[in-house]
Amino acid sequence: MKNLMARLAALLSLLTLEVLVVGGVFVGVALLFFYLTRVVFVEHSVRFDTWAFAQMDTLRTAYPGLTGPVRALTFFASLPWLVAAGGGVPALLRWRGYRREALEVLLAVVGATVLNQLLKTHFHRMRPSSALIFQPGLSFPSGHAMIGLALYGCLAWLLWQHRRHPVWAALLLAFAFSIGLTRVYLHVHYATDVLAGFAGAVFWLILLRTALRLFWRESKEIK
């Protein structure tokens, strides 16, 4: 009985405000992803996607010079950039002595990439036929949105965790979300693809962060 009570007390001590908030976000993004799959693949509704395209078309008509910067911005979640950043950033962190942070960034990018491809293969949604630039591959969820947020979101979390430059952390998140919007602007993804990508990235980052914390905690206790 004493051992049981001790275990319960240890479990309750883990239920901090941070854990409750993160847990709520985890459930929330999972429900959002499930809802989007219902809207797209069960109800076959295009209302939100059509509305989002219309808003971006209006913006592009009002500011035609915006297309160039948008195409430049979307590059920062493209495959060449993610390969370079996904390998270069962890290497730099490891060189600076942040071995755990380097592993976390690497797993964030690699894991999000694998999960994104599995989801795309499973749902097999074709890209919009109105795309302004050629983009191969499937559409749901958006790889730019999902892998980009996994990379920049992980870096933002590490900056926040180390209490260094919280403004930069916020800017990284804004940067990631802006990249997602460029995909709708360029018509290479539906808005539901982008939202699903964001939800998938947050889901993966929380899952990864939790697993790593448990692993490192157990490793420390063993030592």
Right, Val109: out of contact with any His (no Cβ under 9 Å at 6 or more places or on another chain), of a type outside the set (D, E, K, R), surrounded by 13 or more Cβ atoms within 10 Å (Cβ to Cβ) and under 27 Å from Cys154 (Cα atoms) or not?
yes
Note: among His144, His189, just one is crowded, with 24+ Cβ neighbours inside 10 Å, in contact (Cβ under 8 Å) with a residue 60 or more places away in the chain and within 15 Å of the chain's Cα centre (by Cα), namely His144
Consider Leu151 carefully, then state whether it is under 27 Å from Leu103 (Cα atoms) and surrounded by fewer than 23 Cβ atoms within 10 Å (Cβ to Cβ).
no
Right, Arg71: basic (Lys, Arg) and touching a Leu at 6+ places or on another chain (Cβ under 8 Å) or not?
yes
Could you look through region 118-140, keep only residues that are surrounded by 14 or more Cβ atoms within 10 Å (Cβ to Cβ) and in contact (Cβ under 8 Å) with a residue 60 or more places away in the chain, and pick out the one that is farthest from Thr210 (Cα to Cα)?
Leu132
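Select from region 154-172 the residues that are aliphatic (A, V, I, L, M) and in contact (Cβ under 8 Å) with a residue 24 or more places away in the chain and write down the one among them that is surrounded by the most Cβ atoms within 10 Å (Cβ to Cβ). Can you show your working first?
Pass one, region 154-172, residues aliphatic (A, V, I, L, M): 155-156, 158-159, 167, 169-172.
From the residues that got through so far, the ones that are in contact (Cβ under 8 Å) with a residue 24 or more places away in the chain too are 155, 158.
On the way: Leu155: 23, Leu158: 20.
Checked region 154-172; the qualifying residue surrounded by the most Cβ atoms within 10 Å (Cβ to Cβ) is Leu155.
Within region 58-83, track down each residue that is outside any helix (DSSP H, G or I) and surrounded by 15 or more Cβ atoms within 10 Å (Cβ to Cβ).
Ser78
Any read-out appearing in this document is the output of simple, stated calculations on the displayed coordinates, not a laboratory observation. Everything numeric in this text was worked out from a predicted model, so none of it was measured. Here the Cβ is made from the backbone with ideal geometry for all residues, glycine too, and neighbour counts use every protein chain on show.
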